[in-house]
Amino acid sequence: MPRSSRLRFAGSALVASLLLTGVAEAKVAAGERRELLALVDKAGPHMGEVAHQIWDFAEVGYQETKSSALLQAELKASGFDVEAGVAGMPTAFVARFRNGDGPVIAILAEYDALPGLAQRAEPQRAVIAGQEAGHACGHHIFGAASVAAAQAVKAWMQANNVKGEIRVYGSPAEEGGSGKVYLVRAGLFKDVSATLHWHPSDANDASQTISLANVSGKFRFTGVSAHASASPEKGRSALDGVEVMNVAVNYMREHVPDGTRIHYVTTDGGQAPNVVPDKAEVYYYVRHTDPLVVRDVIGRIQKAAEGAAMATETKVAFEQTGGVYNMLPNDALGRLMDGNLREVGGVKWDAKDTAFAQAMAPQLPSGKRTLASAAQVQPYRIGGGGGGSTDVADVSWVTPTAGMTAATWVPGTPAHSWQAVAAGGTDMAVKGGVVAAKTLALTAADLLRDPAMIAKAQAELVERRGPDFTYKAMVGDRPPPLDYRRKAGEARP
């Protein structure tokens with residue numbers, strides 16, 4: 001199990017050297033850079049069409065059948081070899097274009113939506129009738145822009161006879177399903193030289209920060225049903241088990257390490273008040289920058305569940321559905337990506353985008369970002385932490401990895417909100433996706449042209465994680481939880 005990357009960052013002489021010296025200049029000539037940018041610009045309208053289709057599909061984790069198929073079809077049509085259903089996940093894929101021996105540069109693509117957040121592309125709350133999920137984290141444009149970037153790099157490689165391989169990893173179920181963990185565990189990144197990714201946001205930023213390690217899982221209580229009024233003494237409430245467990249965990253919050261995050265939702269609590277529920281389920285997340293703390297806290301929560309079952313004379317079973325490392329930042333790649341993002345620049349809105357943003361602004365929580373910040377690039381930083389978790393983190397422990405964000409939402413928009421879904425259905429999101437695709441394409445091209453940069457990034461990876469590191473997935477040897485987004489008792493179609 002890895003130590004906290006926060007501690008390793010603080011003690012690394014190599015990292016200190018990188019902070020002082022920066023990185024070598026990119027080796028892709030100006031004419032080729034203009035060529036790459038023009039390729040993405042040309043692809044932009046079609047990329048937007050693809051993104052909007054995935055936004056309409058709004059498929060949740062491991063159920064992204066149409067979204068995955070669409071991205072695969074796009075890649076096949078542009079000459080990539082596509083391998084579908086990898087690592088035991090029907091909606092995962094790897095797409096490859098190789099032009100002789102050389103570096104292997106990976107670009108990650110996501111496409112899962114979040115349940116409970118269906119929303120029209122309007123600046124006021126407007127639920128879509130009959131639809132449950134929505135792209136509140138922008139993975140529709142994430143996947144489309146990553147594919148567009150890879151397609152541009154492929155065309156550039158062919159036109160300039162650049163040696164190496166560009167590869168796209170179709171990654172399902174990022175939202176709690178840990179899809180990339182299974183890709184890493186299956187060894188699909190063993191020959192990757194460097195990995196690039198991006199994420200929709202309310203700002204343009206190539207800072208490399210440390211995410212939180214995370215373990216998630218479902219506690220399922222089983223009791224005895226009975227008439228809640230006529231014969232309550234004959235029943236044993238599974239819901240009581242859930243509620244007693246939650247009380248115990250909430251008291252435990254006072255006695256966990258600083259920075260620990262624990263959150264839960266009751267996913268099954270019975271159907272009728274006059275029936276003692278014989279089944280109930282609660283879904284938990286535990287997060288911290290140190291995976292060892294996460295492991296310890298989830299173990300204590302399991303004890304709370306066992307105590308609750310004993311107290312309520314019910315039974316409980318735990319299924320771990322996800323588990324990811326903390327992000328291991330890479331300064332060498334991060335500075336390269338930051339320079340390319342600054343070359344591309346921020347998002348340029350038209351009058352329609354501005355009108356949407358102005359109408360949305362009163363619906364947002366107050367914050368420091370102004371609407372004008374969408375056109376700006378944020379200052380670069382290395383280290384520090386955010387409040388979220390991502391399965392990209394597991395990739396970052398086995399290959400040098402760098403990511404960025406682009407302003408696809410109105411500045412001030414929180415992720416996982418209806419406001420993010422609404423903006424994601426507009427051309428504003430597509431323009432942010434173009435900024436991301438251009439930055440990814442330039443960075444991939446620089447790496448294909450500059451083996452010395454790859455070597456520097458790989459040396460930094462070894463220094464940060466330690467030379468004796470062996471990857472061991474936080475999910476253990478369990479198969480992908482393909483049903484984790486299905487409701488209790490819901491059968492697969």
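The values are calculated or read from the model by the stated rules, or taken from the named source; none is laboratory data. Source: prediction; values computed, not measured. Here Cβ is always computed from backbone atoms with ideal geometry, including for glycine, and neighbour counts include all displayed protein chains.
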Checklist outcome for this item: The number of residues in the range 27-79 that are part of a loop (DSSP other than H, G, I, E, B) and touching a strand residue (DSSP E or B) at 6+ places or on another chain (Cβ under 7 Å) is 3
Item to check | In the range 408-423, the residues that are of a type outside the set (S, T, N, Q) and closer than 12 Å to Ala357 by Cα | outcome: Trp409, Val410, Pro411, Gly412, Ala420, Ala422, Ala423
Checklist entry - Would a scan of the range 345-353 turn up a residue that is β-branched (Val, Ile, Thr), part of a loop (DSSP other than H, G, I, E, B) and touching a Leu at 6+ places or on another chain (Cβ under 7 Å)? => result no
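This table checks each residue for (1) closer than 30 Å to Gln419 by Cα; (2) among the hydroxyl-bearing types (Ser, Thr, Tyr).
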{"residue": "Gly116", "(1), (2)": "yes, no"}
{"residue": "Ala129", "(1), (2)": "yes, no"}
{"residue": "Ala150", "(1), (2)": "yes, no"}
{"residue": "Val153", "(1), (2)": "no, no"}
{"residue": "Gly176", "(1), (2)": "yes, no"}
{"residue": "Leu183", "(1), (2)": "no, no"}
{"residue": "Ser193", "(1), (2)": "no, yes"}
{"residue": "His199", "(1), (2)": "yes, no"}
{"residue": "Asn204", "(1), (2)": "yes, no"}
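Rundown of residues vs (1) modelled with pLDDT of 95 or more; (2) not aromatic (Phe, Trp, Tyr), yes/no style:
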{"residue": "Val297", "(1), (2)": "yes, yes"}
{"residue": "Arg300", "(1), (2)": "yes, yes"}
{"residue": "Lys303", "(1), (2)": "yes, yes"}
{"residue": "Glu306", "(1), (2)": "yes, yes"}
{"residue": "Met310", "(1), (2)": "yes, yes"}
{"residue": "Thr314", "(1), (2)": "yes, yes"}
{"residue": "Phe318", "(1), (2)": "yes, no"}
{"residue": "Thr321", "(1), (2)": "no, yes"}
Checklist entry - If you go through the range 197-238, how many residues are under 15 Å from the mean Cα position of the chain (by Cα) and buried (at least 24 other Cβ atoms within 10 Å of the Cβ)? => result 10
Item to check | Candidates Ser396, Ser389, filtered to the one that is among the hydroxyl-bearing types (Ser, Thr, Tyr), under 30 Å from Ile262 (Cβ atoms) and modelled with pLDDT under 95 | outcome: Ser389
Item to check | Qualifying positions in the range 288-333 - assigned by TED's automatic domain parsing to the domain that holds Ser178, under 19 Å from Asp391 (Cβ atoms) and in a helix (DSSP H, G or I) | outcome: Leu333
Checklist entry - Of Ala69, Ala150, Ala121, which residue is surrounded by 22 or more Cβ atoms within 10 Å (Cβ to Cβ), hydrophobic (A, V, I, L, M, F, W, C) and in the same structural domain as Gly433 (by TED's automatic domain parsing)? => result Ala150
Item to check | Candidates Gly143, Gly138, filtered to the one that is at pLDDT 95 or above, of a type outside the set (A, V, I, L, M) and on the phi > 0 side of the Ramachandran plot | outcome: Gly138
Checklist entry - So which residues in the range 52-68 are closer than 22 Å to Gly130 by Cβ and among the small types (Gly, Ala, Ser)? => result Ala58, Gly61, Ser67
Next on the checklist: Can you find, within the range 252-278, the residue that is surrounded by the most Cβ atoms within 10 Å (Cβ to Cβ) among those that are assigned to a strand (DSSP E or B) and among the charged types (D, E, K, R)?
Outcome noted: Asp268
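Rundown of residues vs (1) under 21 Å from the mean Cα position of the chain (by Cα); (2) surrounded by fewer than 20 Cβ atoms within 10 Å (Cβ to Cβ), yes/no style:
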site: Gly346; (1), (2): no, no
site: Ser373; (1), (2): no, yes
site: Thr408; (1), (2): yes, no
site: Pro411; (1), (2): yes, no
site: Ala415; (1), (2): yes, yes
Item to check | Wholly enclosed strands (runs of 3 or more DSSP E) of the range 154-251 bearing at least 1 residues among the small types (Gly, Ala, Ser) | outcome: 164-171, 194-201, 213-222
Checklist outcome for this item: Residue pairs within 6 Å by beta carbon, gap of at least six or interchain, first lying in the range 465-485 and within 18 Å of Ser171 (Cβ to Cβ), second at pLDDT 95 or above and exposed (fewer than 15 other Cβ atoms within 10 Å of the Cβ), listed first then second, are Pro479/Gly88; Pro480/Gly88
